[in-house]
1. Taking segment 41-60 as the search range and keeping residues that are over 28 Å from residue 159 (Cβ atoms) and touching a strand residue (DSSP E or B) at 6+ places or on another chain (Cβ under 8 Å), which one is modelled with the lowest pLDDT?
2. Filter the strands (runs of 3 or more DSSP E) completely within segment 34-121 down to those with at least 1 residues that are without any contact (Cβ under 8 Å) to a residue 60 or more places away in the chain.
3. Of all residues in segment 122-132, how many are under 23 Å from the mean Cα position of the chain (by Cα) and assigned to a strand (DSSP E or B)?
4. Hey, could you check segment 46-64 for residues that are surrounded by fewer than 18 Cβ atoms within 10 Å (Cβ to Cβ) and more than 23 Å from residue 111 (Cα to Cα) and say which is farthest from the chain's Cα centre (by Cα)?
5. Hey, could you check segment 139-164 for residues that are in contact (Cβ under 8 Å) with a residue 12 or more places away in the chain and not in a strand (DSSP E or B) and say which is farthest from residue 99 (Cα to Cα)?
6. Here's a check for you: in segment 140-165, which residue that is more than 20 Å from the chain's Cα centre (by Cα) and exposed (fewer than 14 other Cβ atoms within 10 Å of the Cβ) is farthest from residue 57 (Cα to Cα)?
7. Quick check: anything in segment 83-98 over 24 Å from residue 173 (Cβ atoms) and either modelled with pLDDT of 95 or more or surrounded by 17 or more Cβ atoms within 10 Å (Cβ to Cβ) (or both)?
């Protein structure tokens, strides 16, 4: 009889464990928490935008845009968005307008200073200007106290010598690429 009693108890205990285990599995949950940390840093960003009166910029809305003047000459048609404000016996100027927008976040600064410089010396017979400031490889101030978060129009001029190639004039018929570096500094 003792042996039977133990078997019954084992069976009852096993049945109780199965009943509890089944309900315990149905009600088991797990929770977790991820703590995210955000560090807001102040700063500014610069982007170039197409001006309605200028050439359509390649990669507009970024900080690495391109402006294609197309074929230029002292006389004759120019690409859309390119003008010829000056023609003299010594040179001619072609111009396009582009916009600069500087966006700031987390700063107490309300204005910035814009500077520009050529990445390398200008090719023979050419000079570049931004808003009448002739660019060199040294940084030149283009604008002080410029406002944030708005497009500000700037003129980009290419001054081309009319001298013959080899006599101070530029190469004829060859594409010319020049990089201009712009820097915005919070005031």
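1. By that ranking, first place goes to 42.
2. Numbers: elements: 43-50, 83-87, 91-105, 111-118.
Output list reads 43-50, 83-87, 91-105.
3. First, pick out the residues of segment 122-132 that are under 23 Å from the mean Cα position of the chain (by Cα): 128-131.
Next, only the ones that are assigned to a strand (DSSP E or B) stay: 128-130.
Matching residues across segment 122-132 total 3.
4. The residue in question is 53.
5. Residue satisfying both the conditions and the ranking: 163.
6. 164
7. Initial filter on segment 83-98 (over 24 Å from residue 173 (Cβ atoms)): 97-98.
Within this subset, residues satisfying the condition of being either modelled with pLDDT of 95 or more or surrounded by 17 or more Cβ atoms within 10 Å (Cβ to Cβ) (or both) are 97-98.
Yes, the conditions are met somewhere in segment 83-98.
The values are calculated or read from the model by the stated rules, or taken from the named source; none is laboratory data. As the structure is a prediction and not an experimental result, all values here were calculated from the model. Cβ atoms come from the backbone with ideal geometry, glycine included; neighbour counts cover every protein chain shown.
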